[in-house]
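Down below is the structure, laid out as structure tokens.
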Amino acid sequence: MKIYLLNPPFVENFVRCGRWQGVAARGGTLYYPIWLAYAAGVLEKQGHTIRLVDAPAWKWGREEVKEDARKFNPALIIADSNFSSLRNDGDVAKLLKDVTGAVSVLVGPPVSQFSERVLANDGVDIAARLEYDFTVLDIAEAVEGGASFGDISGISYKENGRITHNPDREFITSEELDRIPFVSRVYKEHLNIQDYFLGHTLYPMVQIFTGRGCPNQCTFCAWPETLMGRKHRVRSVENVVDELEYITKELPEVKEIFIEDDTFTIDRQRIREVCSEIGQRGLDIAWSCNARANLDYETMRVMKEAGCRLLDVGYESGSDVILRNIKKGITTSDSRRFTKDAKRARLMILADLIFGMPGETKETAEQTIRFVKEIKPNIVQFSVATPIPGTEFYDYVKENGFLLVDDLEESLDEDGFQKCIVSYPEFTERDVENYVDRALREYYLSPSYIPVVIKNVMRKNGVHELMGVVKSAKVFLKYLGRGTG
Ligand code: SF4
């Protein structure tokens, strides 16, 4: 059966698949449509003919997508969604349904929270909640066989104008993860890897997952609540390293693999096994991953030896009060110790920090700025705290009257950059935005950043590091210049 999988058009450079809400990324970042690509692999393996369209990457608007879908003539449409673009995504699904007559499914984080709202759009037939790789396979089989949707777990659907919510689906097991085709193969066959860019990785890169789900309790984090759950599930070491080997052979132009798992560093024994297998197979590949700021030196040393280049670390704040409030489970002294060890292991660090979490004051925000200057990461990202429906943070600001607008579609400015929608008596939305701007300026425009850039560029792959800095800088300067004409 023909199935059309779509990352819908919206604003330019829209990152629909990031961990926070969707935004036009400041550093020129563009993510792969990762989850759609995993589902595409599952459907294709089962013999379906798929077309995977990434409208933001291809700079396609509604007309191009409509024309393309009309020509392909699918029986099933699967469209991704994001909290910041939800109305748009439902409308695009409707457009395609109108032109093709196909059954239409909306997937993505907001669908698990707002299935009724999603289905209120008469262009959406089914809302596939949470992790959906095998859900869409069941839907495809039902559509093909003319069966009812009543037995498919994990969906809400409309029939004769009535909405039915089927029970949740069990999260995919570790063994099942091994049976999902390599997402890098889907990228190779259906997308153009040159389109995707992360400011902190070498270019071109691919993003993969080796495991899913996070048992930690950070109050602001959306994926465990809206997509992947709290249970940690992992692919086998052999399956992971098979994919790394596949990439080195079949995508030789790829300069770096980014391991997107929330929790790659949670199981040190497994990391060491992956690293040892990379060494035994003699794979020469740069890779990076997300990490928590409690990893030990020895593990990081082993990772470096196996090609690890950079750790993307959610430090979140330089204040222990804030870290406690957001249930990060890490203190600033953990973070300091970790940073020293990471540098000793010669790993680069991308530090992620947030302004505007509950309890933030000018004093805690200043602590964060001082903390970042002290630890001197190679790259730093400051975000506006964004309450995503489904998270504890969202419930807190909503219940306490700190939420300015209860709609993430209002949280983007006209260029798709992130605005602040929380405001506290002690720390207003203007304070949050001013601190993000000030922290970015002070870090990147200060003379003390120059030695950091030079160090970055002097490393192995320095030319590629420099290209990344230049591309990010262009978008960053556009961001800083906004509103000044
Ligand atoms: S560690 Fe915290 S921020 Fe990271 S994925 Fe888990 S819950 Fe989210």
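May I ask for log10 I(q)/I(0) of the range 360-407 at q = 0.16, 0.22, 0.25, 0.33 Å⁻¹, from a Debye sum over the Cα atoms as equal point scatterers with solvent left out?
These q points yield log10 I(q)/I(0) values of -0.63, -0.85, -0.92, -1.19.
Return the ratio Rg/(2.2 N^0.38 Å) for the chain, where Rg is computed over Cα atoms only.
0.95
Please list, by residue number, everything in the range 107-142 whose backbone N is under 15 Å from a paramagnetic label point 7 Å out along Cα→Cβ of K398.
110-118
Rounded to two decimals, what is the ratio between the C-alpha radius of gyration of the range 294-425 and 2.2 N^0.38 Å?
This ratio for the range 294-425 stands at 1.18.
Test of the criteria: in the range 218-259, which trypsin sites (Lys or Arg not before Pro) are in a DSSP loop and have at most 13 other Cβ atoms within 10 angstrom of their Cβ?
Listed in order of number, the matching sites are R230.
Express in nm, to one decimal, how much length is gained between K340 and T428 on full extension, taking 0.36 nm for each residue of separation and deducting their alpha carbon distance.
Once the chain is fully extended between K340 and T428, it gains 28.3 nm.
Please compute the length gained on full extension between N160 and R117, using 0.36 nm multiplied by the number of residues separating them and subtracting their Cα-Cα distance.
Difference between extended and current length: 13.8 nm.
Might you report the magnitude of the Cβ-based charge dipole of the chain about its Cα centre, with Lys and Arg at +1 and Asp and Glu at -1, to the nearest 20 debye?
1620
Using a simple spin-label model with points 7 Å from Cα along the Cα→Cβ vector, what separation in nm is obtained for S148 and N192?
Simple spin-label model gives 4.7 nm for this pair.
Calculate how many DSSP beta bridges within the chain are antiparallel, expressed in % of all such bridges and rounded to the nearest 5.
Taking every DSSP beta bridge within the chain, about 25 percent pair in antiparallel fashion.
Just list whichever of K376/K419; K71/K94; K188/K255; K2/K45; K2/K97; K327/K398 have alpha carbons separated by over 22 Å in the model shown.
K376/K419
For the range 98-177, run through the GluC sites (Glu not before Pro) and keep only the ones in DSSP coil with at most 16 other Cβ atoms within 10 Å of their Cβ.
Passing both the DSSP loop test and the Cβ count: E170.
Name the residue from T386, A140, L445 whose Cα lies farthest towards the positive end of the charge dipole of the chain, charges +1 on Cβ of Lys and Arg and -1 on Cβ of Asp and Glu.
Looking along the dipole axis, the top candidate is L445.
With label points built 7 Å along Cα→Cβ from the Cα atoms of D284 and E305, find their separation and express it in nm.
1.9
Once you have the Cα-Cα distance between S276 and Q217, take 0.36 nm times their residue separation minus that, and quote the gain in nm to one decimal.
18.2 nm
If R₀ is 35 angstrom, what is the calculated FRET efficiency for the pair N239 and V321, using the beta carbon separation as r and rounding to 0.05?
Taking R0 as 35 Å, the efficiency between N239 and V321 is 0.25.
Quick one: Cα convex hull volume of the range 117-221, Å³ per residue?
Dividing the Cα hull volume of the range 117-221 by its residue count gives 190 Å³.
How much FRET efficiency would the formula 1/(1 + (r/R0)^6) give for L445 and D178, where r is the Cβ-Cβ distance and R0 is 45 Å, rounded to 0.05?
0.45
Values in this text are rule-based calculations from the coordinates and carry no lab data. Predicted model, so just to flag it, every value in this text is computed and none were measured. Counting neighbours? That spans all protein chains shown, and the Cβs are built from the backbone with ideal geometry, glycine included.
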